[in-house]
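A short worksheet on the structure shown next.
Only the coordinates and a few stated rules stand behind these numbers; no lab work does. Bear in mind that the values here come from a model prediction, so they are computed numbers and not experimental data. Heads up, the Cβs are rebuilt from the backbone with ideal geometry, glycines too, and the neighbour counts pull from every protein chain shown.
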Amino acid sequence: MKQIKPGLKIALEYGPLIAFFAVYMLMRNRPVTIGSTEYEGFVLATMVFVPVLALSMLALWRLTGKLSAMQLMTLILVVVFGGLTIWLNDDRFFKMKPTLIYAIFAGLLGLGLMLKRNWLELVLGEALPMQHEGWMKLTRRMVLLFIGLAVANEFVWRTMSDTAWVNFKTFGLPVIMFVFFMGNAGLFNRYALEKED
């Protein structure tokens, strides 16, 4: 896999989310009629997000030669659920997407643990050399994290405003992930393997 500058990678990964947030905040109180259908700001933001994410993933793939399984699954679910949101003019489909993504990840990692296979280690082991025991602990923690995120997403979108959900999706989820990985820094250090020269 070819390496790209960290700033460009972050821009390609988080740019579509920032674009979604910006369009939603700009258009949330300004419905737009396209053809004979009126679209609220949330659906308009989804109309921007889907192609921007697809272009961003295409650029990442062209620059690095590879997309992770998580990136591919996210892209597929965004296209499907974003497409349903736009086609049916119903924002619920897009709001359910994170729940489904996190439930799938929790299920896959949990299944791997039951089968005594650590798929997280298989995918990330080269980038983050760690003893098998460390990977097992991290995987169990990530299963719990993904279950918690799925439940949190369901709670927020079903009980709060669109703006609250957009803020949660744009800022809350990335902060939770950052805090999770910072909280596991001790585990990474304790089970780290020395990289060979």
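Listed values, structure above:
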read-out	value
Selection from 6, 189, 157, by position along the positive dipole direction of the chain (Cβ)	189
Mean residue ellipticity (222 nm) of the chain, computed from DSSP H runs ≥ 4 via -39,500 (n - 2.57), nearest 500	-24500 deg cm²/dmol
Order by protection proxy (mean Cβ within 10 Å, highest first), peptides 174-180, 22-28	22-28, 174-180
Rg and Dmax [Cα atoms of the chain; Å; Rg one decimal, Dmax integer]	18.5, 64
Length released on extending from residue 70 to residue 37, taking residue separation times 0.36 nm less the Cα-Cα span	8.5 nm
FRET efficiency, 1/(1 + (r/R0)^6) with R0 35 Å, evaluated for residue 193 and residue 160 via beta carbons	0.20
Cα centroid of region 106-153 to Cα centroid of region 66-98, whole Å	23
Extreme residue, positive dipole direction of region 1-89, given options 41, 27, 51 (C-beta unit charges)	51
Dipole magnitude (debye, nearest 20) for the chain, charges at Cβ of Lys, Arg, Asp, Glu	140
Contact order relative to length of the chain, as percent, for alpha carbon pairs under 8 angstrom and 6 or more apart	18
Sequence of 18, 104 once ranked by neighbouring C-beta atoms within 10 Å, starting from the fewest	18, 104
Total charge dipole magnitude, region 1-89, about the Cα centre, Cβ charges on Lys, Arg, Asp, Glu only, Debye to nearest 20	440
Kyte-Doolittle mean at least 1.0, axial Cα span of 20 Å or more - DSSP H helices of the chain	6-27, 41-64, 69-88, 92-114
Euclidean distance between Cα centres, region 25-40 to region 166-196, Å	37
Segment residue 29-residue 147, length gained on full extension (0.36 nm per residue, minus Cα span)	39.2 nm
